[in-house]
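For reference, the structure discussed in these notes is given below.
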Protein chains: 2
Amino acid sequence: MFTLDPQLAAETWHVCDLPLCRVLLAKNAAWPWLILVPMREDKVEIIDLSAVEQGEMWREIEKVSRALRSLLAPDKLNVAAIGNVVRQLHIHMVARRVGDPGWPGTVWSAGASAAYSVAEKEEFIDRLYAALHR
Amino acid sequence: MFTLDPQLAAETWHVCDLPLCRVLLAKNAAWPWLILVPMREDKVEIIDLSAVEQGEMWREIEKVSRALRSLLAPDKLNVAAIGNVVRQLHIHMVARRVGDPGWPGTVWSAGASAAYSVAEKEEFIDRLYAALHR
């Protein structure tokens with residue numbers, strides 16, 4: 001049974017589940033910031049997944065990349081498996097724009113945060129869901 | 001023809017070329033920090049690669065991950081496509097240890113730097129080369 005790490009659960013909203021990964025939206029409106037979590041127990045590194053699971057994860061990263069590009073036309077996608085704090089394997093996918101908070105630094109260097117309104121959050125999740133189910 | 005971005009060229013040493021990616025070692029001994037660059041012109045995002053190229057890139061990331069794990073037994077691998085500064089597609093692969101500079105922050109937050117001696121650099125590149133050609 002897969003259980004989402006409590007810190008990831010606290011800091012995100014649920015968007016949808018793809019075949020392998022749970023797609024989460026970070027509760028931080030400073031940047032459009034998704035997190036993909038392979039729904040498998042006790043995975044820390046990408047290479048802890050089987051070859052088949054890795055292939056599926058890359059396909060889902062591609063799918064989410066294309067959704068972010070179609071919705072937001074970002075200047076750069078940042079895709080990263082860090083996991084120094086939360087060890088459960090998760091992939092950050094951040095749509096960056098020239099001039100956004102901390103640009104061109106990483107979101108971790110910038111450390112900015114901003115709140116979504118309920119309406120903004122719900123609208124963005126609805127648009128993400130639709131783009132991922134086209 | 002593939003040309004390595006001049007900033008990447010200036011800040012790294014060449015380790016070897018895999019079928020798709022050039023493997024580079026960052027000139028920063030603060031962390032064992034490799035950079036993979038798909039040897040294709042005008043690629044910025046992972047999704048700019050063809051499906052076949054993406055598959056090959058993930059296989060090479062897996063290969064480099066296993067080499068870093070076998071050589072260094074890191075506490076965490078950080079694998080990231082950022083590219084906000086250097087737009088040529090490149091993947092950072094950093095072997096992190098609990099208590100290393102800036103831990104558990106990212107290498108971009110920490111901003112540490114340290115110099116390799118010539119001997120250290122040559123020995124590490126030799127060991128990486130051997131681990132990638134086993």
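How big is D for the protein assembly as shown, in µm² s⁻¹ as a whole number, if Stokes-Einstein is applied with the Kirkwood radius of its Cα pairs at 37 °C and 0.692 mPa s?
The diffusion coefficient I find is 172 µm²/s.
With the label 7 angstrom out along Cα to Cβ, how close does B:CYS16 come to the same site in each of the other copies, in nm, nearest first?
4.2
Are any of the pairs A:LYS27/A:LYS121; B:LYS43/B:LYS121; A:LYS43/B:LYS76; A:LYS63/B:LYS43; A:LYS27/B:LYS43; A:LYS76/B:LYS63 more than 20 Å apart by Cα-Cα distance, and if so, which? If you can, show how the numbers build up before the last one.
Working: A:LYS27/A:LYS121 9 Å; B:LYS43/B:LYS121 29 Å; A:LYS43/B:LYS76 12 Å; A:LYS63/B:LYS43 18 Å; A:LYS27/B:LYS43 31 Å; A:LYS76/B:LYS63 26 Å.
In this structure, B:LYS43/B:LYS121; A:LYS27/B:LYS43; A:LYS76/B:LYS63 lie more than 20 Å apart at Cα.
Under the convention of a label 7 Å out along Cα→Cβ, give the distances in nm from A:GLY55 to the same position in every other copy, shortest first.
0.7
Along the charge dipole of the stretch B:33-127, pointing to its positive end and built from +1/-1 on Cβ of Lys, Arg, Asp and Glu, which listed residue (B:LEU71, B:MET39, B:ALA115) has its Cα farthest out?
Checking the options against the dipole of the stretch B:33-127, the answer is B:LEU71.
Between copies, how close do the A:ALA112 label points come, placed 7 Å along Cα→Cβ, listed in nm from shortest?
Shortest to longest, the spacings are 2.8 nm.
Along the three principal axes, how long is chain B when you take its alpha carbons, biggest first, rounded to the nearest angstrom?
That gives 39, 33, 26 Å along the principal axes, largest extent first.
Relative to the longest principal Cα axis of chain A, at what angle does helix A:118-132 sit, 0 to 90 degrees, rounded to 10?
In chain A, helix A:118-132 runs at an angle near 50 degrees to the longest axis.
Kindly provide the helix-only [θ] at 222 nm of chain B, computed as the sum of -39,500 (n - 2.57) over DSSP H runs of four or more divided by all residues, to the nearest 500 deg cm²/dmol?
Only helices count here, giving -10500 deg cm²/dmol.
What is the gain in length, in nm to one decimal, between B:GLU41 and B:HIS133 on full extension, counting 0.36 nm per residue of separation less the C-alpha to C-alpha distance?
Numbers: separation 92, 0.36 × 92 = 33.12 nm, distance 2.55 nm.
Between B:GLU41 and B:HIS133, full extension yields 30.6 nm more.
Mind putting a number on the dipole of chain A about its Cα centre? Charges go on the C-beta only, +1 for Lys and Arg and -1 for Asp and Glu, and I need it in Debye to the nearest 20. Mind dumping the intermediate values first?
On the way: 15 positive and 17 negative charges, 80 e Å.
Charge dipole of chain A: 380 debye, to the nearest 20.
Could you work out the local net charge near B:GLU56, counting Lys and Arg as +1, Asp and Glu as -1, over the other residues with Cβ closer than 11 Å to its Cβ? Display every interim value, and only then the final one.
Working: positive: B:ARG40, B:ARG59, B:LYS63; negative: B:GLU53, B:GLU60, B:GLU62.
Charge balance in the 11 Å sphere: 0.
Counting only Cβ atoms, what residue of chain B lies nearest to the axis that sends chain B onto chain A, and how many whole Å off?
Looking at chain B's Cβ atoms against the axis toward A, the nearest is B:ALA80, 2.
Which FRET efficiency, nearest 0.05, do A:ALA10 and A:ALA114 yield, Cβ-Cβ r, R0 30 Å?
Rounded to the nearest 0.05, the efficiency is 0.95.
Computed from the coordinates by the stated procedures, all read-outs in this text should not be read as laboratory data. Given the structure is predicted, the values throughout are model-derived calculations rather than measurements. Note that each Cβ is placed from the backbone with ideal geometry, even for glycine, and that neighbours are counted across all protein chains shown.
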